[in-house]
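Taking it in order: structure first as structure tokens, then the write-up.
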Amino acid sequence: SALLCSALLYGGCVLCHRGSIDQTATEAQYTMRPGPRSLLLLPTPLSLSLRALLLLCLAPRCQAVQAENVTVLEGGTAQISCRLQNYDGSIVVIQNPRRQTLFFNGTRALKDDRFQMVLFTPRLVRITLTNVSVSDEGGYFCQLYTDDTHHQVATLSVSVPPDTPTVEVKQEAVEGGEVELTCLSPRSKPPATLRWIRDRREIPGVVSQQENGKTVSVSSTIRLPVERKDNGAAVSCEASHPALGGQKRVRHYRLDVHFAPTVRIIPPPGILREGDSLSLTCSITGNPLPRDVQWSRINDTLPERAEISGPTLQVSRLSQSHNGTYLCQAQNNYGRAADHYTLLVYGEPPSP
């Protein structure tokens, strides 16, 4: 009898046969006549399988080509495989998603050295693609040329893990105000997940995404109230992604809080007498730290023998004429501060 190719949509079963079809067949039972050369394949739900099977009806038996889906990291190497069943030497063609022929029966057809034929056997045809990019994504066609042209598609998916994210500050943080921080992961696929961490606790952020071709840019923004005690405090932004295998890309950031200076004069120990030396140090804090320190004596000038070196004032061979109140002052763009020290020089002790 003539060769007949029929498909039954009973659960996705595909049937190749010679002879007639029993029109009374059900999903659970199908009778094939005459039967010796009939073939029944049990289905696998497409939604649950990464593999699809194409049956080519050829006398005296059916050929099959099976294409396997592939996922690979950007920059890696993809293996695209076409598995053959009952192969009889027919022409095998592999095409890229743009339907350009890559290989014709094992012979290179496209001048792209990233593609290499690594295996061509009656059961398996395999090519490799090196230095994979997102532009390589799509369906690669495994085609088997017989009386009719049939194909199966291997879908190549490219995963792009995120780089270490960056932290951007909208404006400088000032004591008593708020600071806005944005964590940015400019490129990933699928989108990276960003988390802010401070003192081992997560800080909820406002997340936004923007598609850039096949990759996605992700950002997470937080606002924090700040005081001077927060200057130098550590916060971290973590980027997680399926391609990182449970690891994270982390960017650490220290808060830079600006505040007005504070000034404190460190006094000398003990009593000062005539002939002693005086050394006063002005201890200053502030962000930014004031560069200039101003020493003066209230209602008088500094002694002729006074020497200033940074925050330190020194006066040698003290006398009672040096008595008075000495003032240290410092300022930055956020304020001004001062401290004073009153010097009292005693006379020399009486001789015994």
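Dividing the convex hull volume of the alpha carbon atoms of region 304-352 by its residue count gives 96 Å³ per residue.
Couplings 3J(HN,Hα) for region 75-80, derived from phi with the Karplus relation 6.51 cos²θ - 1.76 cosθ + 1.60 (θ = phi - 60°), are x, x, 10, 9, 10, 10 Hz, where x marks Gly and Pro.
What aspartates and glutamates does residue 170 reach when the alpha-carbon gap must be under 20 Å and sequence neighbours fewer than 8 apart in one chain are set aside? Excluding near neighbours in sequence, the set is 178, 180, 227, 230, 238, 256.
Which lysines have a Cα lying under 20 Å from the Cα of residue 248, excluding residues fewer than 8 positions away in the same chain? Here the lysines satisfying the reach criterion relative to residue 248 are 189. Packing around the peptides 206-219, 329-342, taken as the average count of other Cβ atoms within 10 Å per residue, puts them in this order, highest first: 329-342, 206-219.
Using Cα pairs closer than 8 Å and at least 6 residues apart in sequence, work out the relative contact order for region 222-352, in percent.
25
Each residue of region 152-213 gets 130 Å³ once the volume of the Cα convex hull is shared out per residue. Near residue 250, once Lys and Arg are set to +1 and Asp and Glu to -1 for all other residues with Cβ below 11 Å from its Cβ, the sum equals +3.
Where a number appears in this text, it was derived from the coordinates with a stated rule and is not lab data. Fair warning: this is a prediction, and the values are worked out from it, not measured in the lab. Quick reminder, even Gly has a Cβ in these numbers, built from the backbone with ideal geometry, and neighbours come from all protein chains shown.
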